[in-house]
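Below you'll find the structure, written out as structure tokens, and then a few comments.
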There are 4 protein chains.
Amino acid sequence: MDIGLIGLGRMGTGIARTLLRAGHRLTVYNRSREKAEALQGAGATVAGNVGEACRGEVVVTMLADDPALEAVTFGRAGIVSSLSKGSVHVSMSTIGVALAERLADEHAGAGQGFVSAPVFGRPQAAEAGKLAVVAAGPEEFVRKCKPLFEAMGPKLMVAGTHAALANAVKLAGNFLIGSVLESLAEAMALARKSGVDAQALLDFFTSTLFDAPIYKTYGGLIVSGEHEQVGFTAPLGLKDVRLVLEAAGAKSVPMPIASVVRDRLVTAIARGHGDKDWSVLGRIAAEDAGLTAGKK
Amino acid sequence: MDIGLIGLGRMGTGIARTLLRAGHRLTVYNRSREKAEALQGAGATVAGNVGEACRGEVVVTMLADDPALEAVTFGRAGIVSSLSKGSVHVSMSTIGVALAERLADEHAGAGQGFVSAPVFGRPQAAEAGKLAVVAAGPEEFVRKCKPLFEAMGPKLMVAGTHAALANAVKLAGNFLIGSVLESLAEAMALARKSGVDAQALLDFFTSTLFDAPIYKTYGGLIVSGEHEQVGFTAPLGLKDVRLVLEAAGAKSVPMPIASVVRDRLVTAIARGHGDKDWSVLGRIAAEDAGLTAGKK
Amino acid sequence: MDIGLIGLGRMGTGIARTLLRAGHRLTVYNRSREKAEALQGAGATVAGNVGEACRGEVVVTMLADDPALEAVTFGRAGIVSSLSKGSVHVSMSTIGVALAERLADEHAGAGQGFVSAPVFGRPQAAEAGKLAVVAAGPEEFVRKCKPLFEAMGPKLMVAGTHAALANAVKLAGNFLIGSVLESLAEAMALARKSGVDAQALLDFFTSTLFDAPIYKTYGGLIVSGEHEQVGFTAPLGLKDVRLVLEAAGAKSVPMPIASVVRDRLVTAIARGHGDKDWSVLGRIAAEDAGLTAGKK
Amino acid sequence: MDIGLIGLGRMGTGIARTLLRAGHRLTVYNRSREKAEALQGAGATVAGNVGEACRGEVVVTMLADDPALEAVTFGRAGIVSSLSKGSVHVSMSTIGVALAERLADEHAGAGQGFVSAPVFGRPQAAEAGKLAVVAAGPEEFVRKCKPLFEAMGPKLMVAGTHAALANAVKLAGNFLIGSVLESLAEAMALARKSGVDAQALLDFFTSTLFDAPIYKTYGGLIVSGEHEQVGFTAPLGLKDVRLVLEAAGAKSVPMPIASVVRDRLVTAIARGHGDKDWSVLGRIAAEDAGLTAGKK
């Protein structure tokens, strides 16, 4: 398929390589051109502007936040103005439910398709084609994009025909991850102050009731106290929890645990950990229990 | 081995059957005698009082809460008075850290052994020998009891030589389970009010990031809205969260998520769900979001 | 002084009457004209559009929320386009800190003055000239408006030369009021379930440590359980708590109590109390304690 | 009246002086005798043990916590064994509801009277006879003690004939004070990071909506950041919030704000402020917002 891809951060770059490997013709655009050029060797064509990335049947966006996506989509010479009728915009970023609804409306108004398809997985998973994709949008457009999603990873959930449904699922998922982080952080602080070996505790839990990838990955980071190697920064985590609370507020759903996670991430940033992985919640819980960071 | 077992609730009965199956000689005691007699067919001897259950090398207790265990242990003609020197009391209930410390002291003072060995798993797992056991206590006594623990399930964590360590691990684990319950409850309320199919969401999450037994079991109960079939009641859950907060308070560990779970369980009980499974937190979150219970 | 006033809700109408009584020449504008005409008898001139209300030295706005104020200010033929150089826009609504900053910038860019002057007090206080006013903005403009503020009430705090400071003070104040509501709600639920006479308790507290207007007013509403006569609706309260959390988030200030108040207001609205006074938090706390609403 | 007084901390000593000034014959007992002897000059008789302080019509206790009161009351040669029939034990400490109920039962069983009469006010108020007293117990005994209460301060609330009611009122009051502390702490952190002058803000609020002693006293401590001069330590505050949550739990009343205050006090102690006034919550909120303590 002829595909455009806008946004070459670590996730976008990983997805680009996966699509190229799967045999698609890919035109990539990024604000700072060198990231686009880095993909030329793998077979990508470099676009000079947003419009040039919108000439195929599908244009994928993977951008940092709502404002970045709005700028690229609605701006003068943005996606809505550039895409031909019948072509599809696939938004893979974690964005707010309200923006997803607006995107669906505006693209529909312009005779274009819009599919929300946020993903679960870190950059390595993007590059390895091991993402979990949640897609939603009008059936014909989701069907058209299915080969792309299947290239990206083995797990696909189609959440419905209303695009924003996929974003609600993604936000619910990120909320659950944030809850795991904070609850592990508290449990480990309790364990350490009680004299329990934190690593042994984690090994036991993750081989019994909590035998899930998320507990292993984040539990390991919290036990080691190493949050410098960043998969997902605290401010990005906070951005997502805010989108969760915004979506929940719009539907009148109280979420006390989301509020706790939000408060703790704000604290982490205020205390100077804005450049660390969001697993730094482990350090906040440790410090608040009078412990210093890390293992013992 | 010659073993006594005191407390034949659903967990205790399951453990009794497992120990008998493993070939141990078992003397059982329960306040209401019929539960003890029900095990005679399987080979158990019925004790008429606590003392008669304390004649072997090991006496196991599996009782409802701290006061029940205190009554049986310290009471006139209780375990401390009855057990011979060198024999071991193995406490498998979820009890407070402070009580565990007192038990260790008093048994040591009487020349007896004390091992804390709380378990993870529901009654079916107890009966099937599929529990996860966390044991702690003086090395020689833990070693002596190892065959018992191995009969009870494939997973054993030895948390240290200080008995209360096992209880800290158990409380940390139950806290994590309670956090999963409440966070799933909130996530499902958000999903339902956003129009997402809750069952499909659960299937997706539990086949990707949250592929762990605890998410499957409790997620299913929350999605179905069926909390009448009780594995573990809301008041028992609340009792455990209180023990968590008590242990955390004693060590000066703030646990905001534990506080949220506590508040929600209190709410569930105040609103009349004291006889339901503690997964009823799903109903509380649904009602607070203006939803009626259950699937749709 | 020649003054325009835009926004004739209950607060705006009260302020209009007060300004007329103080001898100012007032031109009033409201989207639904009848509210403007109702003030003609008191001496006000009715404006047919925003521009006509901007012909004096000062234009005061008192609107429902950020979007309403943005529409009137930045819209085509809005205040920025209409006001003459050197004239002042005084915004008295409770708005977000970010919007206040934008207003200050845009008016300054247009050679106009901007003063933020939110108020504390209910509609009766507005009409009686008994509001407490918090003003901030460039010194010369605040000085110019001082006679207006003095007409509105006996208490004036000048928070600084940066307009948004006044909004930060207003939000901090509304947060404290919301905290009083929720904490009184919880205290009264505890008192009632403990068998204490709630009215006697309130009388005692408000004649000793909590001898402040806010405890008397809201305590009375919570004890009586009457939230139908609305001074300030639950959704307006929620709007303000959101602005608090937004301002706090922008400055990285964790506010766990603000989060609790937010969750409870969301709950109140989800449970169908969106048309009630925000003191309905008293009913939520009562219901969550298994009590029915009201006195006993 | 012939009165005994047990417990001569700062509150007890203040009350002793007030009772002596009012012309009562007072026998005082304290574990460390020198505090008792310090009152001889003012006319008090020093008791050598608890029994000697129980020879009058009334014995007042003012002790640190539940265990201290239990030791003095139920111990061998304690108050229950020493007091003559018809005499009254007046407990003025802040104790748990459950202990108050037990005291009422045991004294009644011994033919003695029991009145709970906790007080609001700092040591200076105790000495100056300016406490607010909440009394509850059988009518005849409360009536008998009325002259004492009236000597102690101008405000008396009789909460009912069931002694524990007074303790419920006291706990509700201390909860409200704790809520004021934490909400002021959060509001001041927001104000300071927004560039608002915290002292000016406090002056404005305490001369308008929050014109109550509690806001002035604690607001001043939080703004100045001086928590070294201790009126009431953080651990004592935590003890009281725990009693609140315990009483609330026993009646199934969820109190999310009490949980927040509890978590923050635990944090304060874990971070090394266990020797400071409980207004140190202001410092915790400031630090969590990335501010250093104190004014600017």
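A short reminder: the numbers here are calculations on the coordinates, not readings from a lab. Keep in mind that what you see is a predicted model, and the values were worked out from it rather than measured. Cβ placement follows ideal geometry from the backbone for every residue including glycine, while neighbour counts extend to all protein chains displayed.
Every pair of different Cα atoms in the stretch C:246-296 enters the Kirkwood calculation, which places the hydrodynamic radius at 12.2 Å. In this assembly of identical copies, the label point of residue B:143 (Cα plus 7 Å along Cα-to-Cβ) is separated from its counterparts by 7.0, 7.4, 9.0 nm, sorted shortest first. Positive contributions from Lys and Arg (+1) and negative ones from Asp and Glu (-1), summed over other residues with Cβ under 15 Å from the Cβ of residue D:264, come out at -4.
Where the only charges are on Cβ atoms (+1 Lys, Arg; -1 Asp, Glu), what is the dipole of the protein assembly as shown about its Cα centre, to the nearest 20 debye?
Details: 124 positive and 116 negative charges, 1 e Å.
Dipole about the Cα centre, nearest 20: 0 debye.
Positive-end ranking of C:20, C:282, C:108 along the dipole of chain C, with charges on Cβ about the Cα centre, is headed by C:20. Here the Karplus curve 6.51 cos²θ - 1.76 cosθ + 1.60, taken at θ = phi - 60°, turns the phi angles of the stretch D:245-261 into couplings of 5, 5, 4, 5, x, 5, 9, 6, 10, x, 9, x, 6, 4, 5, 4, 4 Hz, with x standing for Gly and Pro. As a proxy for reagent exposure, B:83, C:209 were ordered by neighbouring Cβ count within 10 angstrom, fewest first; the result is C:209, B:83. Rounded to the nearest Hz, the phi-derived 3J(HN,Hα) couplings of the stretch D:19-36 under the Karplus curve 6.51 cos²θ - 1.76 cosθ + 1.60 (θ = phi - 60°) are 5, 5, 4, 7, x, 7, 8, 10, 10, 10, 9, 9, 4, 8, 4, 4, 5, 6, where x marks glycine and proline.
In this structure the amide hydrogen of residue A:95, modeled in the peptide plane, comes within under 5 Å of no amide hydrogen from residues 5 or more places off or on another chain. Summarised as an ellipsoid, the protein assembly as shown has semi-axes of 53, 46, 23 Å, derived from the eigenvalues of the Cα gyration tensor scaled by 5 and square-rooted, with the largest first. Per-residue shielding of B:177-183, expressed as the average number of other chain Cβ atoms within 10 Å of the residue Cβ, stands at 5.
Placing a label point 7 Å from Cα along the Cα-to-Cβ axis, residue C:25 is separated from the same position in the other copies by 7.2, 8.5, 11.1 nm, shortest listed first.
If you bin all the Cα-Cα distances of the stretch B:2-162 at 5 Å, starting from zero, the percentages per bin are 2, 10, 21, 25, 23, 14, 5, 0.
This ranking places B:240, A:277, C:66 by how few other beta-carbon atoms lie within 10 Å of each, fewest first, which gives C:66, A:277, B:240.
How well do other chains shield peptide B:283-290, expressed as the mean number of their Cβ atoms within 10 Å of each residue Cβ?
On the way: counts 0, 2, 5, 2, 4, 14, 10, 10.
Average neighbour count from other chains, rounded to a whole number: 6.
Label positions at residue A:246 and residue B:110, each projected 7 Å from the Cα along the C-beta direction, are separated by 6.3 nm.
For the residue pairs B:193/C:239; A:130/C:239; B:35/B:170, the alpha carbons lie more than 32 Å apart in A:130/C:239. Its Cα centre serving as origin, chain D has a Cβ charge dipole (Lys and Arg +1, Asp and Glu -1) of approximately 300 debye.
What are the semi-axes of the equivalent ellipsoid of the stretch D:135-274, taken as the square roots of 5 times the eigenvalues of the Cα gyration tensor, listed largest first and rounded to whole Å? Before the final figure, lay out the partial values.
Working: eigenvalues 200, 78, 38 Å².
Listed largest to smallest, the semi-axes of the stretch D:135-274 are 32, 20, 14 Å.
Between copies, the label points of residue B:85, set 7 Å from Cα on the Cα→Cβ line, lie 5.1, 9.8, 10.4 nm apart, reported in increasing order to one decimal in nanometres. When +1 charges are put on Lys and Arg Cβ atoms and -1 charges on Asp and Glu Cβ atoms, the dipole computed for the stretch D:218-296 relative to its Cα centre reaches about 120 debye.
Using a simple spin-label model with pseudo-atoms 7 Å out from Cα toward Cβ, residue D:34 and residue B:34 lie 6.7 nm apart. With an a/c value under 1.5 for the gyration tensor axes a ≥ b ≥ c computed over the alpha-carbon atoms, the stretch C:1-69 is described as rounded.
Note that the stretch C:155-171 has calculated 3J(HN,Hα) couplings of 10, 10, 10, 9, 8, x, 8, 9, 3, 5, 4, 5, 6, 4, 4, 4, 5 Hz, one per residue in order, obtained from phi through the Karplus relation 6.51 cos²θ - 1.76 cosθ + 1.60 (θ = phi - 60°); glycine and proline are x.
Under 5 Å from the amide H of residue A:160 lie the amide H atoms of A:137, each residue being 5 or more positions distant or on a separate chain, with H modelled from the backbone and absent for Pro and chain starts. Name the residue, out of D:153, D:43, D:195, whose mean-square fluctuation peaks in a Gaussian network model built on chain D with Cα pairs under 10 Å. Looking only at D:153, D:43, D:195, the largest GNM fluctuation is found for D:195.
Where chain D is carried onto chain C by rotation, the Cβ closest to that axis, with its residue and distance in Å, is D:212, 2. For residue D:60, nonlocal amide neighbours, meaning residues 5 or more places apart or on other chains whose placed amide H falls under 5 Å from its own, are D:4, D:5, D:6, D:90. Annotation note: GluC sites (Glu not before Pro) in the stretch C:185-236 located in DSSP loop regions with a Cβ neighbour count of at most 14 within 10 Å are C:228.
What does the average come to when, for each residue of peptide C:264-273, you count the partner chain Cβ atoms lying within 10 Å of its Cβ? Spell out each step's value before the answer.
Values: counts 5, 3, 13, 8, 3, 4, 13, 6, 2, 0.
Per residue, the number of nearby Cβ atoms from other chains is 6 on average.
The Cα atoms of chain D cover 64, 46, 35 Å along the three principal axes, with the biggest extent listed first.
Note on residue B:85: lysines with a C-alpha under 23 Å away, same-chain residues under 8 apart excluded, are B:144, B:146. Note on residue A:52/residue C:52: beta-carbon distance plugged into 1/(1 + (r/R0)^6) with R0 of 60 Å gives a FRET efficiency of 0.75.
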